[in-house]
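Data first, discussion second: the structure below is written as structure tokens.
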Amino acid sequence: MLIAITREISPRIAECELTHLAREPIDVARAHVQHHQYQELLTELGCKLIRLPAESELPDSVFVEDTAIVLDELAVITRPGAESRRAETASVADALKRYRKLAYIEPPGTLDGGDVLLVNKKLYVGLSKRSNPQGIEQLRRVLASFDYSVTAVELRDCLHLKSAVTQVADKTLLINRDWVDDRVFDFFKLIDVDSSEPFAANALRIGDNVIYPKAFPKTRKRLETQGIKIRGVNASELAKAEGGVTCCSLIISEAADPV
Ligand code: CIR
């Protein structure tokens, strides 16, 4: 059984952090409808939803992915690279402590969950404006007694590693090679985003399905041609806040022995 932790959208979403996009008006009512549909789809795909109440004062707090890395053995509570987002972690830690032992990234380390791509027992971590070498080193140390590899990955021109590459099938990644070096991902079959859809690499795999924005029809076609089962969502409003489909949930497997 999978658990999906989500959080309601802050009424201050218009004040979100922006790095690569110009600020555009967000239709908040529409954002709520789209976020609701996203959560319904998670439920339909078999996830048990834990919906955290809005953190009204924290504009980016809907993007719960950035606040924790959840593995079967433990959860690592991050220290987000954007100062305005640091306070988001407390309530997520509170929700996660029922399910996992917790470890924490400490100053001067910074780490955003959006930079961490977990494939089997390999963690690829983007060296971004948000995640620094100290944060990645701390993650490596915390996981030293478990059987994970941690590989730092250089990025360019994008916010997080998962803006540039995500997993869409067992051995297949969806990638924008303009933003990340493909050589790190030698072991995988790679599907390229369509060059007219640079933001199209962020997909959320739940079992055999992939939750995917309707904004990227050309890349979607490529995925479907490869036999990947797509469930489309309209995610236009939170995309204006630089959020994609992975960012709005923390997907964790329900441990046999909750703590
Ligand atoms: C930020 O800049 O932090 C937010 N406006 C967007 C965060 C998106 N999160 C993600 O990609 N994991």
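Tally the DSSP beta bridges in the stretch 1-153 and give the antiparallel ones as a percent, rounded to 5. Expressed as a percentage, antiparallel bridges in the stretch 1-153 total about 30.
Taking Gly243, Gly126, Gly114 in turn, the Gaussian network model of the chain (Cα-Cα springs below 10 Å) assigns the largest fluctuation to Gly243. Principal axis extents of the Cα atoms in the stretch 52-110, from largest to smallest and rounded to whole angstrom, are 31, 29, 14. Equivalent-ellipsoid semi-axes for the chain (Cα gyration tensor, √(5λ), whole Å, largest first): 24, 22, 19. Between Glu224 and Ala82, the contour length at 0.36 nm per residue exceeds the Cα-Cα span by 47.5 nm. Across Ala164, Ala203, Ala103, mean-square fluctuation computed from a Gaussian network of the chain (C-alpha pairs under 10 Å connected) peaks at Ala103. Its relative contact order, with pairs defined as Cα atoms under 8 Å and 6+ residues apart, puts the stretch 2-253 at 22 percent.
Within the listed set Val168, Val142, Val245, the Gaussian network model of the chain (springs between alpha-carbon atoms below 10 Å) gives the highest mean-square fluctuation for Val142.
Computed with the Debye formula from one identical point scatterer per Cα of the stretch 113-168, without solvent, the log10 of I(q)/I(0) at q = 0.17, 0.32 Å⁻¹ comes to -0.48, -1.36. When DSSP beta bridges are limited to those with both residues in the chain, what percentage is antiparallel, rounded to the nearest 5? If we restrict to bridges inside the chain, about 45 percent are antiparallel.
Between the stretch 108-181 and the stretch 83-101, the C-alpha centres lie 20 angstrom from each other.
The lysines whose alpha-carbon is closer than 19 Å to the alpha-carbon of Lys101, local same-chain residues fewer than 8 away aside, are Lys121. Cross-link reach is defined here as a Cα-Cα straight distance under 17 Å, omitting same-chain residues fewer than 8 places apart; for Lys240 the lysines meeting it are Lys162, Lys214. Within the stretch 73-152, DSSP assigns beta bridges of which about 35% are antiparallel (rounded to the nearest 5). Between Glu57 and Ala29, the FRET efficiency from the beta-carbon distance, with R0 = 25 Å, is close to 0.75.
Since every read-out is calculated from the coordinates, none of them should be taken as a lab result. Just so it is clear, the model here is predicted, and its values are computed rather than measured. All Cβ positions, glycine included, derive from the backbone under ideal geometry; neighbour counts span all protein chains shown.
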